[in-house]
Amino acid sequence: MLFNSLDFAVFLGVVFGTHWMLRNYRLQNAILLIASYVFYAWWDWRFLSLILVSTLVDFFVGLGFRKTEDVTRRKWLLALSVGVNLSLLAFFKYFNFFIDSAMKIASRTGVDLGWDTLNIILPVGISFYTFQTLSYSIDVYRKKLTPCTDVIAFATFVGFFPQLVAGPIEKAQHLLPQFLQKRSFDYTQAREGMRQMLWGLFKKMIIAEICATHANLIFDNSSIYSGSTLALGTIYFTIQIYCDFSGYSDIAIGTGKLFGVRLSKNFDFPFFSKSIAAFWRRWHISLYDWFKDYVYIPLGGGQRGLFRKVLHVILIFFLSGLWHGANFTYVTWGLLHALYVVPVVVLGDSLHKAFIGNTFLKKTINFLSALGTFMLVAFAFIIFRAKNLDHAEAIIKTTFTSSLFEPPIEGLWYGWPLVIGFFIVEWFNRKYEYGFAGFGKSWPRALRWSVYVAMAVALVLSSGTEEEFIYFQF
Amino acid sequence: MRKFITEIALFVLVTAVTFGGVVYLVNHLLIVEGFYELEEEHTTLVLGDSHPECAIDDREFKSVRNYSQSGESYFYTYQKVRKWLPNNEHVKTIFLEFNAGQVLTSVNASIWDDEHLSAKLPKYSTCMDFGDHMLLLVNNPLGYVNALALTMEQNWQLRKDSADHFHEFGWGTYITLENDGSEKLKTALPFTLAMEEVQSVSETNLYYLDKIIALCKAHDVRCVLIRCPVHIKYSGIRYESTFQHVLQTRYAEQEFLDYATMPMRLDEFADEHHLNVRGSKRFTEAFKKHLITH
């Protein structure tokens, strides 16, 4: 069930109405849980078993932590949780990748392993909910969180449908307590939730779709295009993935607000970042917070010398690339970003901080820094989007030839006024929670509603195809 | 909560009305003078589905034009006729395919399933009235909205280019099928009376057939129902009794030319229910003789 579908609109209306008819938060949780499992089963009912396994293992591990203070036992319980969740992830997501990779490496040494790959379907959302349940087990092990004894509340935390299939990846400390207390309907929060959902849908169905039309055409036929066309295609894909993913996050967060649940911010206007380090504090925030809290800091973070710090940073980006999928393009993408970030780690951000300020020179430097950061990010997305490393290499080689200065193919400028308008709106709302949060607040109601209605009509007219969100494949 | 639900309901209502207004405006903008005019020499039209589309070669006639189209139900044929007849007084006769496929409930899919909506709505939305739009919306809301989006895009493009050729753009034409279906027909299983099935009829499609007939009467246009040749192994024969029942009870007074069992050679069929170019040539000759004598 896609967010941008009539099915979801009807589903949401029913769940919303049923949820708020009940006053008791336990009954509300039960409704949300049933709705979440229906939502997940809509994709493929067989995968319900996986989320149930992950949920029950971590719930009982939590109860186990409650019953024992013995360090060894607690470590074993943690190992059980980590083992089960990562095994599920490893098998469904990486089994064929590891088999293929091992066979390729072996064949280069003249060895034929003769292993078979399996016909495995990747369960939607597995990368997200396994990380979410792991955050619970680790926080309880560290005694940062009290073990949950309410299985319905816990299952609702794991499977909460707005963020189940593509995040934000919620930390247990932030989300779980919200299911253990009374929730009352808040008109302002619900109204804000609807505005955020409208904005998320607009980003996904209008902006991302315009960019996707061009990006798909160019990347799928890259061998016939000039460098300038490929460069434009890269920019389109960069904007597409941002609007697609942040659009989903906005819809998820807005939907959460309808039920009185606050989900974490996942994007903080990353394309206005003036450095790569700043970019990674603003892009897919929930994933990087997870890696920081559960991998980087436990390994020692930056506390064990510069060399170890650099190694930890490289490891985080390697894991991040791998998390995105079982393909060397994602791993390479992650390592390229590690290459971008390492100089900042070694040299520090102080070079850039010298230019922060309000003079014209400083503003020019800031603008150029943001543009440069965007270009680095877009370049890395060539590898992310390509079918394989050979494809990425071919695109990069063609892009950086004299054909980069030829006029691109006709028809690529369709939609640019809308894309530019979109970024202008985001720029003027960058101090707010999301790109549309401050829009029209001081306007008369009729004018504000005209904009909302125009956006809604545009969404209905663009509903010709139900395109999946890019991050569902992760 | 009440305030929130009221606001949502109001928003949905305003959006729906605005959406309807935008659709009406774009459709209305598409209509230019001469939009529905047909050539003066075409005094006879052939309409219907793929059976006449492949069967009657209008290149053999000066006064006949074949506007049949594959998968076309009477719902869409009516949209053409309602615009053509008032704007083309020179049209005197319509030959309209009438077969079991147009009578049974299975034809409803040709009116409002996703595939037909996305193919037909962009072509005929400018002709349809509110009731026609509501029929499609009620029976397939998501498919209708999706098709409407395609319609808006196409209409806008036609308006920008040259909308006055729209009536020539995909509203049906004779097509030739080159393939020889004899091998397939030799091995196909025959249908017998013992395999007859009774199926319910599509009241919706027959309602639009009635409207076509009434419109022809109102414009003093002769409306002749015709059934093009099909092979005896055509599966539609299973429903012959249902077809005959409808014919005898509802259209007994209507002129009907039944060529379904016209003797044809195996190699004149492309498949069980479509004539190929050889079959079309022979049938067109027979049709021509009928026109001369009647």
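At-a-glance table
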read-out: Kirkwood-Stokes translational diffusion coefficient of the range A:85-229, alpha-carbon pairs, 37 °C, 0.692 mPa s, µm²/s; value: 166
read-out: The range A:261-348: relative contact order in percent, alpha carbon pairs under 8 Å with at least 6 residues between; value: 21
read-out: Potential extension, A:Tyr414-A:Gln189 segment - 0.36 nm per residue separation minus Cα distance; value: 77.4 nm
read-out: Listed residues B:Tyr208, A:Val345, B:Asn99: farthest to the positive end of the dipole of the protein assembly as shown (Cβ charges); value: A:Val345
read-out: Reachable lysines, given that their alpha-carbon falls under 19 Å from the alpha-carbon of A:Lys363 and they are not under 8 places away in the same chain; value: A:Lys274, A:Lys353, A:Lys431
read-out: Cα long-axis angle, helix B:240-250 against chain B (0 to 90 degrees, to the nearest 10); value: 70
read-out: Shape category assigned to the range B:10-137 from the gyration tensor of Cα positions, a/c cut at 1.5; value: oblate
read-out: Rg ratio (alpha-carbon, reference 2.2 N^0.38 Å) - the range A:221-376; value: 1.17
read-out: Cα-only Debye scattering, the range A:361-412: base-10 log of I(q)/I(0) at q = 0.14, 0.18 Å⁻¹; value: -0.53, -0.78
read-out: Burial ordering of A:Asp139, A:Asp293, fewest other beta-carbon atoms within 10 Å first; value: A:Asp293, A:Asp139
read-out: Proximal lysines to B:Lys289, defined as alpha-carbon separation beneath 19 angstrom and excluding residues fewer than eight positions away on the same chain; value: B:Lys62, B:Lys92, B:Lys281
read-out: Cβ-derived FRET efficiency at R0 30 Å, A:Arg108 paired with A:Asn216, nearest 0.05; value: 0.35
read-out: With at most 10 other Cβ atoms within 10 Å, longest stretch of chain A clear of loop GluC sites (Glu not before Pro) (DSSP); value: A:70-409
read-out: Relative contact order (percent, whole number), the range B:30-87, Cα cutoff 8 Å, 6+ residue spacing; value: 38
read-out: For B:Val221, residues with placed amide H under 5 Å, excluding near neighbours; value: none
read-out: Simple label model, 7 Å out from Cα along Cβ direction - B:Lys3 to A:Leu48, nm; value: 3.9
read-out: Acute angle (nearest 10 degrees) that the helix B:130-139 long axis makes with the longest principal axis of chain B, alpha-carbon atoms; value: 80
read-out: For the range B:72-149: relative contact order, % (alpha-carbon pairs under 8 angstrom, 6 or more apart); value: 37
read-out: Computed over chain B, Kirkwood Rh from alpha-carbon pairs, angstrom; value: 20.6
read-out: Residues B:Leu177, A:Leu404, B:Leu121, sorted so that the one with the fewest Cβ neighbours within 10 Å comes first; value: A:Leu404, B:Leu177, B:Leu121
read-out: Percentage, to the nearest whole number, of Cα pairs in the range A:38-83 over 15 Å apart; value: 51
read-out: Set of lysines near A:Lys104 by C-alpha distance (under 18 Å), chain-local residues within fewer than 8 positions excluded; value: A:Lys387
read-out: Cα gyration tensor shape of the range A:251-290, rounded if a/c is under 1.5, else prolate or oblate by comparing a/b with b/c; value: prolate
read-out: Over the range B:202-286: Rg over Rh, Cα atoms, Kirkwood Rh; value: 1.02
read-out: Helix axis angle, B:2-30 relative to chain B longest principal axis, alpha carbon, degrees; value: 50
read-out: Other protein chain Cβ atoms within 10 Å, averaged over every residue that makes up A:454-462; value: 5
read-out: Global form of the protein assembly as shown, assessed from the alpha-carbon gyration tensor, a/c cut-off 1.5; value: prolate
read-out: Exposure proxy order (Cβ contacts within 10 Å, fewest to most) of B:Met264, A:Met375; value: A:Met375, B:Met264
read-out: Hull volume in cubic angstrom per residue (convex hull over the Cα atoms of the range A:288-340); value: 66
read-out: Separation in nanometres of the label points that stand 7 Å from Cα toward Cβ, at A:Val10 and B:Thr173; value: 4.0
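Since every read-out is calculated from the coordinates, none of them should be taken as a lab result. Keep in mind it's a predicted model, so treat the numbers as computed, not measured. Every residue, glycine as well, gets a Cβ built from its backbone with ideal geometry; the counts of neighbours run over all protein chains shown.
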